[in-house]
Amino acid sequence: MRKLIISLCLSACCSLLAAQNTNPIQEAMANYDYETALSLIEQEIPTVPLLFQKGKALKGLGDNGKALLVFQEIAMQDSLNPRAYIEAAECCKSLAKYWEALTYYQNALKLNPDNKYVRLQYISMLMSMKRYNESLQESNALAEKDSSAFVLHLRAESMGHVYDNTQIMQVIEAYQDIQRRYPEDYLSAAKLGNIYVAGGQFEDAIETTEKYRAIDSTNILVNRVNAQAYCLDKNYTKAIQRYEQLLQEKDSSFQTCFYAGISYYAIEDFYPAHDLLERALKDDGTNINVLYYLGRACSKTSWKKEGVMHLENAVKIAMPSDSIMTRLYVGLADCYKMANMHKEQANAILEQYKEYDRNKHKLLYDAAFIYYYRLKNISKAEQCLEAYLSTRPKEKQEQEVDEDGIPIIGENNRYNAAETWLNDIRKKRKEEKFFKGEIEKE
């Protein structure tokens, strides 16, 4: 009995000592009480383990900038600790410092080349930076040792960005490989279906997505591709059946509303077509296809005036404004100039004037300059100058000069210069004809 009492007392004492020795910082971290943890850490001598806790607490509070400074300090103190580089990379990624994140992942891989997490993050970072050739190389190397679905997806997606249309079969085969290995992988079915849809292979898209639907008929991503393929294959009844399921599952995405609306429009059920296309328009108010089908659906229902409005908007969007076309022609003419394609430059300037910028008469003067000095086409230069001078105001304007009496290059002065220039051209031509004996000099 005495031994039992002593044993219980010792056990109680040990429990009490353990409770007393519980690290309050660790307790605060375990309870996600990061502010308390940081306050306690500041009272301690900064060791590497404490700095890791400080960095983690700062990350937990969303202060990734300060957390990065902490992990950088750890990396300086303990350059052989891969965790410091990984944490620094994660902070950089959250701060959109992608180049720095990539460097930190590389440092971590140098210390531990077999760390799968770091290698996956490194490949994902390469892809987010659109360095697809490198991500393909890295994912190919990893796939030789690891055939998990995520690794194979990285490889297939990289291939999709690197390979052109002539190599699309290799991308298709990569996703088919994932399907064979992991039949329950919905992402490969959806991506492969999208590739088929983009290539107009609607029956292949249907077959691929239906194969997955036999396993799981509720996946929204796969059902969207499946329904779209039926719609584009003109099997509108089946498409509507799929879209109704998506709509019942509260899928209000643009793709679902748009193609469901088209499917109803195709079978001449215009009221549901109108409702769905109107929902699609809220997501993309400048989509010409949505405006077209919605306008046509409106014209066949009670919203006939709204239909006119939608089609008018579609026409406005489809036809660029004169200001946009003017800007394009200015850029085009400048590009011709830089490429020494002066005939095309002059043509672009005249096209801009005739079609989109009729009040900017200086363009005729500019064209005359190109014809005369660049193309040595005196006849065309003369025509442009005559056309330019025909736009001169009838009321004579005084010479524009500055306060020192120096002429200002303005529209009036340009007209005067054009008149003098045209007279010189005609005078020289007259003299040339005289010396050739074609006319008598007065």
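Quick notes on this structure:
- The chain - percent relative contact order, Cα under 8 Å, separation 6 or more: 4
- Computed over the alpha carbons of the chain, Rg followed by Dmax gives 36.9, 148 Å.
- Helix axis angle, 411-435 relative to the chain longest principal axis, alpha carbon, degrees: 50
- Mean-position separation - Cα centroids, the stretch 238-293 and the stretch 96-170, in angstrom: 37
- Length gained when the stretch Asn31-Asp146 is fully extended (0.36 nm per residue, less Cα-Cα span): 37.8 nm
- Distance violations [Cα-Cα > 29 Å] among Lys376/Lys436; Lys234/Lys282; Lys343/Lys433; Lys376/Lys433; Lys304/Lys360: Lys304/Lys360
- Portion, in percent, of the accessible area of the chain that falls on carbon or sulfur, probe 1.4 Å: 52
- Crossing angle, helix 378-389 versus the chain [Cα axis fit, 0-90 degrees, rounded to tens]: 90
- Once the 1.4 Å probe is applied to the protein heavy atoms, the stretch 189-324 comes out at 52 Å² accessible per residue.
- For the stretch 333-372, a crude dipole built from +1 on the beta carbon of Lys and Arg and -1 on the beta carbon of Asp and Glu, taken about the Cα centre, is about 120 debye to the nearest 20.
- Helix 236-248 and the long axis of the chain differ in direction by around 50°, with both axes built from C-alpha atoms.
The values are calculated or read from the model by the stated rules, or taken from the named source; none is laboratory data. Since we're looking at a predicted model, the values are computed, not measured. Don't worry about glycine lacking a Cβ; one is built from the backbone with ideal geometry, like all the others, and counts go over all protein chains shown. All accessible areas refer to the heavy atoms of the entire protein, side chains included, with ligands and DNA or RNA removed. Shrake-Rupley method; radii C 1.70, N 1.55, O 1.52, S 1.80 Å.
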